[in-house]
Amino acid sequence: MTYHCLLRTVPLQGETTSSLICRIASRYGMEAKALQSWWQWHSYQPVHDGGGGRADAEVLLNAAGRQLLASLCGVREDGLARALPSWERDDAKLPAEEGLPAAVWRIGGAVAGPVAFGCRLCTSRRTGRAERVVRYTPRWQRVCVRHGRWLLDADADQPLEYLDVALLPEVSAAQRRWAGVARRAVRAGVLPERVFALAYAVVVRWWEQALGWERETVWPRRLHQVAGGDAGGDLEWWRVVGRDVVVFPEVVAVADALLDPGMVELVWRDSGAGRPRALPVDGMFCRRLGELIGRGWLGPLAATDYGGPLTSWMGAVIRQRRGAGGPPGYDSDPWWVRQEHQPASMAGQLRALGKEKKAPGAGTMWRTAVPPEQRALIGSLIDSAEEQLVQLRGVQSGPTADVARQLLRGLGRGGVCAKGAGRPGDGWRAALQPRVSWAHRDRPSIHGPSSRARRQPATAR
């Protein structure tokens, strides 16, 4: 079958195939579903828990399906292959028969990396149409410098496509600075994305602790700015949505510091060099790191955050310097980010926040709230309690024992919420509440009575 293009639709670099199909349909004045019916689908379109379609949904095509898409948009297949990261990705569900255009739905993040919204103003400038575009974009390229926008993850169920950072020049400056940091990483023989991932884990860990830092003023100011001036009663929501842009300058600064041989030397000297000793609270490395990110007071806090990604990096650096790294593995790799140190995504946090609002405690899993170094201890205590219950089975039975066993099994999985008779999670939840609020410049507390309405979905100006 031969297809003829009437209106040419050029793909944008890094665009998802699904985004391109939607733009082609819009160009022809069609609904996306009407155009999608031209392919034979072998899976269902991904949706959010609430039922809405996911913006980060991706499409994989067989050879006939790719030929059809090239004909519809009027662009040669080799041009589409250069622009669309998922163009030639194969899938076991795609049929092998020739001549039948077929497609499968997938999640973009599982196909070719992080997915974010594109800048509608840039899209309008390039194509003449202010349309939504979804692209594969790493976090160090999320700033549209031309229009002062931070482009948000496309995998979350929330209405915003970007946050305004026009009045935060340090965010754009950090993106320009990252190019030099990436070159330094390559010269050091490290993949830039691994350096960024470690620095991101370190700074997000600080972000999670920062509500209790009375001397922290930079991040609250930025958060209020990206929230339109005042996060108001939506502090929890804005702390999730605005986290990555607010901490981005510090992430780049920490990545640059970790690649500095002089900083590595400070770690070595803090460890006692040839005479091993425990890392001091007032160590030169952490003190200097705090100064580099504009927080001279942060050094002792960072040095005593045992079990975090920063101290893990320091330990691996020291072991390498002493020649005691052992066989290859994450313990001997300074740039390895353990699973428990990997920050939760915006989408995951918003899902938990939504559950928490619907049923207090439903979105709180103790394994996500308790620091990693304490999880093993708590898990061990739960296991011991379960063993004691097993020994008592022959002595005690009935509803009370059954409830106790069920509760401990749930706690062991990290899935028991703070609700129900006795509210067993109340103690932990109270202990985890911040001691202080982030003060606003014009108000005594961010938790004041007024609440700013959440902004509407971003559209072209």
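Surrounded by fewer than 20 Cβ atoms within 10 Å (Cβ to Cβ), outside any helix (DSSP H, G or I) and either within 27 Å of the chain's Cα centre (by Cα) or not aromatic (Phe, Trp, Tyr) (or both): does that describe ASP282?
Yes: the conditions hold for ASP282.
Does ALA199 count as assigned to a loop (DSSP other than H, G, I, E, B) and crowded, with 17+ Cβ neighbours inside 10 Å?
Considered against the rule, which asks whether it is assigned to a loop (DSSP other than H, G, I, E, B) and crowded, with 17+ Cβ neighbours inside 10 Å, ALA199 comes out as no.
Please determine whether any residue of the stretch 69-89 is within 26 Å of GLY354 (Cβ to Cβ), out of contact with any Cys (no Cβ under 7 Å at 6 or more places or on another chain) and of a type in the set (Gly, Ala, Ser). Checking the stretch 69-89: not a single residue is within 26 Å of GLY354 (Cβ to Cβ), out of contact with any Cys (no Cβ under 7 Å at 6 or more places or on another chain) and of a type in the set (Gly, Ala, Ser).
Pairing residues of the stretch 109-122 that are closer than 26 Å to GLU88 by Cβ with residues that are aromatic (Phe, Trp, Tyr), at Cβ distances under 6 Å and at least 6 apart in sequence or on separate chains, gives ALA112/TYR136; GLY113/TYR136; VAL115/TYR136. Quick check: is even one residue across the stretch 42-57 over 27 Å from the mean Cα position of the chain (by Cα), open to solvent by less than 30 Å² (accessible area, probe 1.4 Å) and closer than 15 Å to THR16 by Cβ? Within the stretch 42-57 (the criterion being over 27 Å from the mean Cα position of the chain (by Cα), open to solvent by less than 30 Å² (accessible area, probe 1.4 Å) and closer than 15 Å to THR16 by Cβ), the answer is no, since none of the residues qualifies.
Go through the stretch 122-136 and count every residue that is of a type in the set (S, T, N, Q) and buried (at least 19 other Cβ atoms within 10 Å of the Cβ).
Qualifying residue count for the region: 1.
Filtered by the rule that a residue be closer than 19 Å to ASP244 by Cβ and open to solvent by 50 Å² or more (accessible area, probe 1.4 Å), the stretch 333-348 gives GLN342, ALA344.
Kindly establish whether GLY299 is farther than 19 Å from GLU250 by Cβ, free of Cβ contacts under 8 Å to residues at least 24 places away in the same chain and of a type in the set (Gly, Ala, Ser). Against the criterion (farther than 19 Å from GLU250 by Cβ, free of Cβ contacts under 8 Å to residues at least 24 places away in the same chain and of a type in the set (Gly, Ala, Ser)), GLY299 does not qualify. If you go through the stretch 92-119 and keep only what is over 23 Å from GLY29 (Cβ atoms), out of contact with any Lys or Arg (no Cβ under 7 Å at 6 or more places or on another chain), open to solvent by less than 30 Å² (accessible area, probe 1.4 Å) and part of a loop (DSSP other than H, G, I, E, B), you end up with LEU94, PRO95, GLY108, GLY113.
The values are calculated or read from the model by the stated rules, or taken from the named source; none is laboratory data. Keep in mind the model is a prediction, meaning the values are calculated, not measured. In this analysis, Cβ positions are derived from the backbone assuming ideal geometry, glycine residues included, and neighbour counts consider all displayed protein chains. Accessible surface areas use protein heavy atoms only, side chains included; no ligands, DNA or RNA. Shrake-Rupley method; radii C 1.70, N 1.55, O 1.52, S 1.80 Å.
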